[in-house]
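Structure record follows, encoded as structure tokens.
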Amino acid sequence: MALQSVDPTKTKAWEALKTHFDSVKDAHMKDWFAQDNDRAKTLSMQWEDFYVDYSKNRITAQTLHLFEILAETVGLKDAIERYFEGDRINETEERAVLHTALRAPKSAKIYVDNNDVVPQIYKVRAKIEAFTNAVVDGEKKGFTNKAFTDIVSIGIGGSNLGPSMVVEALKYYKNHLNTHYIHNVDGDHVFEILEQLNPETTLFIIVSKSFSTQETITNANTVKQWFLEQASEADIATHFVAVSSNSELVKKFGIDQENIFPMWNWVGGRFSLWSAVGLSISLALGYSNYEALLHGGYKMDKHFRTRSFDANIPVILSFISIWYNNFFKAETEAIIPYSQHLNSFSAYLQQAIMESNGKQVMRNGKAASFQTGNIIWGAPGTNAQHAFFQLIHQGTKLIPADFIGFANSLYGNKVHQNKLMSSCFAQTEALLKGKTGDEVLFELERLKINDDKIGQLTPFKTFEGNKPTTTILIDQLTPESLGKLIAMYEHKIFVQGVIWNIFSYDQFGVELGKQLEGRILKEIQTSEINKHDASTRKLIDIFKNLTH
Ligand code: F6P
């Protein structure tokens with residue numbers, strides 16, 4: 001069954017939120033903390049190894065309560081069930097959205113078109129496990145009978161961002177296999193990776209749900225050619241595997257049926273790392289770590305599906321996000337992990353969040369008259385502090401930020417971890433407090449600066465604070481905790497899409513560029529000339545003149 005279609009802005013709950021917004025928008029969080037000793041307790045949650053503190057947000061308990069009413073009005077509870085039950089909630093593509101099934105236990109029963117999909121999921125998982133063990137243990141060998149040393153995963157978008165982010169995040173758990181990701185069709189990127197490789201000991205995974213993405217197929221063909229300079233066609237069977245839902249095109253490319261790891265059309269590309277798309281994760285970290293990642297995802301699924309809205313992490317985070325996006329009119333959201341290992345986390349979330357909720361039409365086909373989507377950006381702390389934090393502290397824009405940190409480091413170095421996490425907490429405190437004119441005055445007087453100078457400097461050194469942050473403090477970065485964290489954001493996306501009344505699981509916007517690029521390529525390669533706007537025409541002509 002379809003999801004309900006309710007324009008959220010036409011509900012009484014939205015009206016109530018608007019009235020509530022007018023009454024709290026100018027309040028300073030500092031005052032709320034001063035007035036309410038329990039604020040940090042009331043507006044936070046401990047769940048398993050996650051402590052989520054949302055008290056440093058410009059919300060009160062009433063804000064969340066009003067959002068709960070909104071969520072009930074738009075049928076969120078029912079929507080969550082349809083999502084997990086495999087209803088075709090991706091209506092425009094007539095598909096279920098079942099990445100959650102990929103991490104469900106073997107005993108679960110989840111139906112798509114009356115077929116229980118769990119047995120096929122576990123069949124593929126068994127194949128991933130056996131393949132992983134054979135490669136990691138060196139039983140599976142290359143064409144000169146040497147064990148594999150390098151894995152190259154070729155894919156783009158959802159067929160790259162998830163696996164590469166996870167392998168980077170969990171590199172502490174890595175085995176001896178070197179992993180490389182070829183994604184961009186930029187030949188310089190491809191050749192730089194190939195230069196490091198020995199074809200005799202390299203295994204290639206071509207990851208493409210459609211097996212027709214121009215970048216991936218171009219890169220796969222280049223890599224195949226490079227491989228065939230030293231090996232024979234027959235060796236392709238030993239060195240190339242594919243992850244795809246299009247077995248016909250995979251076979252045409254020259255890969256054996258045996259070497260295909262299937263995926264299904266009810267798994268969206270940007271949510272596919274839990275499927276065989278994550279084969280490189282399993283190879284790099286070992287199957288048990290891959291399983292632990294999935295188990296973490298499953299635990300968050302259970303939390304999300306069963307907890308009431310007032311005790312539900314993804315639901316609360318999505319309320320807060322909508323609050324800033326639609327009421328405070330915040331333009332962007334920052335993600336700041338205090339872990340260098342999560343360097344690619346915000347780039348990963350950019351696709352998950354922006355490709356999903358970057359929509360302007362509601363589920364009833366009418367244009368949305370309100371802002372949807374979030375612009376996501378970020379970088380690890382403390383580096384980010386020395387780069388763009390100035391703007392968050394003193395710029396004119398309101399930028400809500402998620403701070404993600406870990407209580408325990410991986411290598412056990414307390415000196416570093418204490419400094420890293422002190423910085424994390426200090427930033428959220430500074431963003432909350434800001435610096436008053438009196439504090440600046442006191443500081444400058446102590447430095448014995450003359451009155452004129454103090455008067456001149458005070459406005460520049462004063463800052464308002466009241467900048468919202470949410471802190472997600474996790475015990476340690478492990479496969480399981482990362483699985484929970486990723487699933488947490490996936491469900492946040494879902495809730496926001498339900499409330500905004502949009503379809504989160506199609507991506508028609510990216511298709512137009514793909515169509516036009518084919519036409520332009522033909523013009524560049526041949527003497528064909530098509531009609532373009534004057535700017536594009538000139539760019540093509542100049543490129544053709546300059547290229548040699
Ligand atoms: O960029 C659009 C997109 O369709 C993404 O949604 C997807 O993750 C990516 O291209 C790659 O698609 P495929 O796995 O079919 O190669």
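Before moving on, here are some points about what is shown:
- Output for region 113-131, where each listed residue is surrounded by fewer than 18 Cβ atoms within 10 Å (Cβ to Cβ) and out of contact with any Ser or Thr (no Cβ under 9 Å at 6 or more places or on another chain): 113, 114, 115, 116, 119, 120, 122, 123, 126, 127, 130
- All positions within region 469-500 that are among the aromatic types (Phe, Trp, Tyr) and buried (at least 22 other Cβ atoms within 10 Å of the Cβ): 494, 500
- Only one of the listed residues (368, 401, 407) is under 28 Å from residue 271 (Cα atoms), of a type outside the set (Lys, Arg) and loosely packed, with under 15 Cβ neighbours inside 10 Å. That residue is 407.
- Those residues of region 127-150 which are touching a Phe, Trp or Tyr at 6+ places or on another chain (Cβ under 8 Å) and either more than 17 Å from residue 291 (Cβ to Cβ) or free of Cβ contacts under 8 Å to residues at least 12 places away in the same chain (or both), in sequence order: 138, 140, 141, 142
- Among the candidates 59, 89, the residue that is crowded, with 20+ Cβ neighbours inside 10 Å, out of contact with any His (no Cβ under 9 Å at 6 or more places or on another chain) and not assigned by TED's automatic domain parsing to the domain that holds residue 475 is uniquely 89.
- Tally, over region 513-528, of residues that are more than 13 Å from the ligand (Cβ to nearest atom), among the polar types (S, T, N, Q) and assigned to a helix (DSSP H, G or I): 1
- Positions within region 362-408 being in contact (Cβ under 8 Å) with a residue 40 or more places away in the chain, over 28 Å from residue 8 (Cβ atoms) and among the small types (Gly, Ala, Ser), in sequence order: 379, 381, 384, 405, 407
- Screening region 475-512 for residues that are over 15 Å from residue 314 (Cα atoms), part of a helix (DSSP H, G or I) and of a type in the set (D, E, K, R) and picking the one that is farthest from the ligand (Cβ to nearest atom) gives 480.
- Within region 206-224, considering residues that are over 14 Å from residue 255 (Cβ atoms) and surrounded by fewer than 20 Cβ atoms within 10 Å (Cβ to Cβ), the one nearest to the ligand (Cβ to nearest atom): 210
- In region 513-531, the residues that are farther than 18 Å from residue 548 by Cβ form Cβ pairs under 6 Å with partners that are basic (Lys, Arg), at six or more places apart or across chains, as follows: 528/522; 530/519.
- Checked against (1) crowded, with 17+ Cβ neighbours inside 10 Å; (2) in the same structural domain as residue 316 (by TED's automatic domain parsing), residue 444 passes all but a single condition, namely (2).
- Scanning region 267-275 finds one or more residues that are within 16 Å of the ligand (Cβ to nearest atom), under 30 Å from residue 125 (Cα atoms), of a type in the set (Val, Ile, Thr) and not in a helix (DSSP H, G or I).
- Count - residues of region 47-87 that are closer than 21 Å to residue 405 by Cα and in contact with a strand residue (DSSP E or B) (Cβ under 8 Å, 6 or more places away or on another chain): 9
- Residue in region 132-142 that is surrounded by 14 or more Cβ atoms within 10 Å (Cβ to Cβ), within 26 Å of the chain's Cα centre (by Cα) and either within 16 Å of the ligand (Cβ to nearest atom) or modelled with pLDDT of 95 or more (or both) present: yes
- The set of residues from region 82-124 being touching an Asp or Glu at 6+ places or on another chain (Cβ under 8 Å) and among the β-branched types (Val, Ile, Thr) comprises 92, 100, 110.
- Within region 384-398, considering residues that are closer than 14 Å to residue 332 by Cα and of a type in the set (A, V, I, L, M), the one surrounded by the fewest Cβ atoms within 10 Å (Cβ to Cβ): 391
The values are calculated or read from the model by the stated rules, or taken from the named source; none is laboratory data. These numbers come from a predicted model, not from an experiment. Neighbour counts are summed over all protein chains in view; Cβ atoms, including those assigned to glycine, are modelled from backbone coordinates with ideal geometry.
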